[in-house]
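The structure under discussion appears below in the form of structure tokens.
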Amino acid sequence: MTFCVAIDGPAAAGKGTIARAVSAHFGFAHLDTGLLYRAVGMAALDAGHGVIELALAAGIATTLSETDLARDDLRISRAGQAASKVAALPEVRAALLKFQQDFAKRAGGAVLDGRDIGTVICPDADVKLFVTASDIVRATRRYDELRQVDPSISLDRVASDLKQRDLRDSERDVAPLAAADDAIILDTTEMSVSDAIAKAVALVKAKLHAQRGPN
């Protein structure tokens, strides 16, 4: 069985949490596509000794391995900013396209979350969700996450970083952040984590039943 769930949305809206929960509930494989770009971005920073070497980013993307995705600094704010910069490069996106599309077609079902899954990577996904939330809620969520790693970080800094990233992601020429025309919008601003997950699971379950009949 192949069944693809595409989950898009801006940073800290809750798409990763929802994607992991949907994956676990249905036994689908999960790919956080943002980690691919974070890994490329951090490798480009390493190559440039602290300055992103955009000229090397495409080459790095073509040789990306599972080991690169396992590094422990991919969740920090710096990695997110680096990811947004390299993700704007057509060469990087092209290098990572096949990896993501092959993952989406794997037997047993797959959940991919990112920013262009429903629009570019998997336009024929069985279920498309666009997860969003207000700016202040997203900033607060990301701040609560990042301060566990960096106690010195401020909410203002996190909010500013998210604003800059939103602009880059939505205004880039290649695969900008946008909800697919047929995506279901899931606004988590006033939803608990459990409620957001339950809503997403119900949507996926309904589509599964419609396509293959109830279990």
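What longest region of the chain stays clear of GluC sites (Glu not before Pro) that DSSP places outside H, G, I, E and B and that have at most 16 other Cβ atoms within 10 Å?
Details: sites that count: 53, 190.
The longest uninterrupted stretch comes out as 54-189.
When all alpha-carbon pairs of region 104-215 are counted, what percent fall beyond 22 Å?
Values: 2853 of 6216 pairs.
Every Cα pair in region 104-215 considered, those over 22 Å come to 46 percent.
Proximity of backbone amide H atoms, modeled 1.01 Å from N, is registered between residue 131 and 8, 9, 186 at under 5 Å, excluding neighbours fewer than 5 places apart on the same chain. Rg and Dmax of the chain, based on Cα coordinates, read 16.8, 55 Å. Label-to-label distance, residue 98 versus residue 157, with points set 7 angstrom from Cα along the beta-carbon direction: 4.1 nm.
Students often get this wrong, so check it: of 85/105; 128/199; 98/205; 85/163; 98/207, which have C-alpha atoms separated by over 18 Å? Show your work: numbers first, answer last.
Values: 85/105 28 Å; 128/199 13 Å; 98/205 27 Å; 85/163 14 Å; 98/207 26 Å.
Over 18 Å apart, Cα to Cα: 85/105; 98/205; 98/207.
Ranked by Cβ crowding within 10 angstrom, fewest neighbours first, how are 65, 77, 170 ordered? The partial results should precede the final answer.
Working: 65 8, 77 19, 170 12.
Ranked by crowding around the Cβ, least crowded first: 65, 170, 77.
Pop the C-beta distance of residue 105 and residue 192 into the FRET formula with R0 = 30 Å and round what comes out to the nearest 0.05. Computed FRET efficiency for residue 105 and residue 192: 0.35.
Considering only 107, 175, 95, the Gaussian network model of the chain with Cα springs below 10 Å gives its largest mean-square fluctuation to 107. Coupling constants for region 101-115 follow from the phi torsions by the Karplus curve (6.51 cos²θ - 1.76 cosθ + 1.60, θ = phi - 60°), and in residue order they are 5, 5, 4, 5, 9, 5, 5, x, x, 8, 10, 10, 10, x, 10 Hz; glycine and proline get x. Spherically averaged projected area of the convex hull of Cα atoms, region 1-72: 6.2 nm². Note on region 154-194: Kirkwood hydrodynamic radius from all Cα pairs is 12.6 Å, rounded to one decimal.
Read-outs throughout are calculated quantities, based only on the coordinates presented, and are distinct from any laboratory measurement. On a predicted model such as this, the values are computed, not experimentally measured, just so you know. Cβ coordinates were reconstructed from backbone atoms using ideal geometry, including for glycine residues, and neighbour counts include every protein chain displayed.
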